[in-house]
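Quick notes on the structure that follows.
The values are calculated or read from the model by the stated rules, or taken from the named source; none is laboratory data. Predicted model, so just to flag it, every value in this text is computed and none were measured. Every residue, glycine among them, receives a Cβ derived from its backbone with ideal geometry; neighbour counts consider all protein chains shown.
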Amino acid sequence: MVWLALFFLEVVAIYFAWRSIQTARTPQGAVGWAVFLVTAPYLGVPLYLFLGHHKFRGYEISRRDSERVVEAVADYGKRHKPLQKTEKDTTLFERLGDLPGVSGNGLKVLIDGDEAFGQIFEAIDQASTYVLVQSYIVNNDGVGRQLASRMIAASKRGVIVRFMVDAIGSKDLPEKYFDELRNAGVQCVDPKSMRGPKNRFQLNFRNHRKTIVIDGNVAFTGGLNFGDEYKGLDPRFGQWRDTHARLTGPVVSQLQLVFSEDWHWATDELLIDELNWDANLDPADMTALVVATGPGDELDSGALFFISCLAEARERIWIASPYFVPDIDVLSAMKLTALRGVDVRLLVPEVIDHKIPWLAAFAYFDEIRDVGVKVMRYNEGFMHQKVVLVDDALAAVGTTNLDNRSFRLNFEAMAVFFDRRAANEVQDMLEADFARSFQLSKSLNEQPLKIRVGAPLSRLLSPLL
């Protein structure tokens, strides 16, 4: 019976190897999976079941089911189409996000946990009809408890509160946290209790979005999760440098749409008729849109977002990301942009949080530095922001990292503003970050032994990261 089981396992491994050859995004990924599966099926088969897929077709069904929301937001977008042409063409980003660029928006950049959480909690306290909260990580600590208390207080005064987290990111959040919220009337999605083929909150496909919407008029998104470390209270990381954004105007409806689709997927509940899709216009009148990406998209929209930003750059593109594990397409686009004479700067942390992607990044730095990209290492605590600045006219803040996981395996969202005022605000912020950083000058061969050895080995895993 043992030989029969081994034979069956090898047959399954060969089938999965063929599937990986058919579906893997890169030849490197296909070869890696095929060799691993055939030579070590007892390890490869179970890992492939969790990690071997990069597309999630079921989510496309969810978007079709919520088509009424898409049409409603599109109609609203048409009514608020920019009257004046923006310096950067919105068309490419509209096609990526399947949402229109709209005018009448406002942006406030929030550059640390104290400022971001203060504004978020104040907005929840001021909510009159509903609050939508989605986060990758919520901890049962000081910040996480503050979030719970604000949601409970809102629910008790008659505000409808909906709360959703990712099962992997919030794996340590105890069930009593959800019970306390439910007992106060908060509607919760507990992904740990979900079963069956409609469960996309699994090991490989993670919902990395951070979305808060208040009454359909104010929204927040960015890099901050709800935990004490995001206020710099974890001695391991020290000061935590992150960026969140407070949004007003019709772009709020777009972020609300993203939440609504995620909620619909998790619950089968359509929120169309229960939410406000007519956000108040902001006198700043900025043009903006949301680019939401994920493995349910037909295109590799996460990678294409960065390629689009690189293609748009004429004078400069500054990118801040905690991780740098690009695919060959993004890597080539970045090198070509630098070769065009564009000021390309990559801001990454010197402090380690996840060792393998931190090491893998060193295997790419020489390539981009050789063509003129400036690699800036943030050295005053840990940097976790996800920000892009293109020339003087495009600024994006959101949840997408510059790595393969964000490109193809995570559900992400970026708020993109086509306005000089937004660009100037982000420029000032990044220049202050550069002042707290040093420019990488050593090649890989000049790094300590653990990096010289660890970087190329970690890079081998990059198609799977």
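Determine whether Ala360 is hydrophobic (A, V, I, L, M, F, W, C), under 25 Å from Leu99 (Cα atoms) and crowded, with 21+ Cβ neighbours inside 10 Å.
Considered against the rule, which asks whether it is hydrophobic (A, V, I, L, M, F, W, C), under 25 Å from Leu99 (Cα atoms) and crowded, with 21+ Cβ neighbours inside 10 Å, Ala360 comes out as no.
Going residue by residue through the stretch 276-295, is there one that turns out to be assigned to a strand (DSSP E or B), in contact (Cβ under 8 Å) with a residue 60 or more places away in the chain, hydroxyl-bearing (Ser, Thr, Tyr) and not assigned by TED's automatic domain parsing to the domain that holds Ser135?
Yes.
Does Leu347 satisfy being touching a residue at least 24 places away in the same chain (Cβ under 8 Å), hydrophobic (A, V, I, L, M, F, W, C) and in the same structural domain as Ile451 (by TED's automatic domain parsing)?
Considered against the rule, which asks whether it is touching a residue at least 24 places away in the same chain (Cβ under 8 Å), hydrophobic (A, V, I, L, M, F, W, C) and in the same structural domain as Ile451 (by TED's automatic domain parsing), Leu347 comes out as yes.
I'd like the residue in the stretch 316-356 that is more than 23 Å from Leu224 (Cβ to Cβ) and among the hydroxyl-bearing types (Ser, Thr, Tyr) and, out of all such residues, is surrounded by the most Cβ atoms within 10 Å (Cβ to Cβ).
Only one residue fits best here, namely Thr337.
In this structure, does Gly144 turn out to be at pLDDT below 95 and under 30 Å from Asp179 (Cα atoms)?
no
Considering only residues that are of a type in the set (Ser, Thr, Tyr) and free of Cβ contacts under 8 Å to residues at least 60 places away in the same chain, which ones fall in the stretch 395-441?
Ser441
Please note which helices (runs of 4 or more DSSP H) are completely contained in the stretch 350-465 and include at least 1 residues that are at pLDDT 95 or above.
In the stretch 350-465, 355-369, 420-435 are the helices (runs of 4 or more DSSP H) which contain 1 or more residues that are at pLDDT 95 or above.
Please verify whether Glu298 is of a type in the set (Asp, Glu) and in a loop (DSSP other than H, G, I, E, B), treating the condition exactly as stated.
yes
Which condition number does Leu444 fail, the rest of (1) under 21 Å from Leu331 (Cα atoms); (2) without any contact (Cβ under 8 Å) to a residue 60 or more places away in the chain; (3) touching a Phe, Trp or Tyr at 6+ places or on another chain (Cβ under 8 Å) being met?
The number of the failed condition is (2).
Quick one: in the stretch 223-241, of everything that is of a type in the set (Lys, Arg) and surrounded by 16 or more Cβ atoms within 10 Å (Cβ to Cβ), which residue is nearest to Phe121 (Cα to Cα)?
Lys231
Can you tell me which condition Pro283 does not meet? The list is (1) within 18 Å of Phe418 (Cα to Cα); (2) surrounded by 17 or more Cβ atoms within 10 Å (Cβ to Cβ), and all the others hold.
It fails just one condition, (2).
Among the residues of the stretch 168-187, what is the count of those that are closer than 15 Å to Trp263 by Cβ and either surrounded by fewer than 20 Cβ atoms within 10 Å (Cβ to Cβ) or not assigned by TED's automatic domain parsing to the domain that holds Asp141 (or both)?
1
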